[in-house]
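Below is one structure; the comments refer to it alone.
Just so it is clear, none of the values below were taken in a lab; they were calculated from the coordinates. Predicted model, so just to flag it, every value in this text is computed and none were measured.
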């Protein structure tokens, strides 16, 4: 099952995706399963200013240490939880403290094939 579909179909996750961040220039202004690519990491702070985003979820692979560090700094400064999706969620930052969803999930699969 696609990770995005898991977010949508599993109400226990309390996730309501609004879009994606993608640094691949050719993907900007495109959609993934109907959800827009809102911009790149460079535009994340502007995106956060314009939207009511309560959490950022990143894939378990494909995020460099440099990008993860930048995401961490942005999220901690704005007090927005940052979680990595893998077989569950790994809490990176949360006002609530450490939590972990114990439900087994499929590994993250790239969404590149869904970009239209």
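Here the scattering of the range 39-83 is modelled by Debye summation over its C-alpha atoms, one equal scatterer each and no solvent; at q = 0.13, 0.23, 0.26 Å⁻¹ the log10 of I(q)/I(0) is -0.25, -0.83, -1.06. Note: relative contact order over the range 1-76, using C-alpha pairs below 8 Å and six or more positions apart, is 18 percent.
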